Amino acid sequence: MAKRTTLYRYLTGPDDASFCHRVSEALSRGWSLYGPPSLTFDAAQGRVICGQAIIKDVDEAYSPTLKLSEQ
């Protein structure tokens with residue numbers, strides 16, 4: 001049996017519906033929120049940027065070649 005591994009991703013993007021959809025899609029694929037979201041203001045672009053950490057447990061050994069967005 002493969003080792004159980006916790007995968008980690010950090011999603012970032014402008015604070016808009018597109019970012020919310022990316023987080024929602026990840027949640028629907030079995031990822032879980034890890035901590036609160038973070039926000040910062042990009043003065044050059046005049047917009048708020050969001051960040052959200054997510055994690056997911058998988059039944060396979062970790063490898064740096066894993067495509068996290070496909071998990």
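The values are calculated or read from the model by the stated rules, or taken from the named source; none is laboratory data. Not measured: the values here are computed from a predicted model. In this analysis, Cβ positions are derived from the backbone assuming ideal geometry, glycine residues included, and neighbour counts consider all displayed protein chains. Note: accessible area is taken over every heavy atom of the protein model, side chains too, but ligands, DNA and RNA are not part of it. Shrake-Rupley method; radii C 1.70, N 1.55, O 1.52, S 1.80 Å.
Its relative contact order, with pairs defined as Cα atoms under 8 Å and 6+ residues apart, puts the chain at 47 percent.
May I ask you to derive the FRET efficiency for L7 and I49 from their Cβ-Cβ distance with R0 = 25 Å, giving the value to the nearest 0.05?
About 0.65, to the nearest 0.05.
Angle between the Cα long axis of helix 17-28 and the longest principal axis of the chain, 0 to 90 degrees, nearest 10? That works out to roughly 20 degrees. In a reduced charge model with +1 at each Lys and Arg Cβ and -1 at each Asp and Glu Cβ, the chain shows a dipole moment near 160 debye about its Cα centre.
Extension gain, V58 to F41: 0.36 nm times the residue separation minus the Cα-Cα distance gives 2.7 nm.
The sum of -39500 (n - 2.57) across all DSSP H runs of n ≥ 4, divided by the residue count of the chain, sets its helix-only mean residue ellipticity at 222 nm to -5000 deg cm²/dmol.
Ordering Y10, A26, A61 by the projection of their Cα atoms onto the charge dipole of the chain, which places +1 on the Cβ of Lys and Arg and -1 on the Cβ of Asp and Glu, puts A61 at the extreme positive end. For the chain, the per residue solvent-accessible surface stands at 70 Å², with DNA, RNA and ligands left out and a 1.4 Å probe.
Note on the chain: Cα-Cα pairs beyond 18 Å make up 44% of the total pair count.
In a fully extended conformation the segment linking K67 and L27 would gain 12.7 nm over its present Cα-Cα distance, using 0.36 nm per residue.
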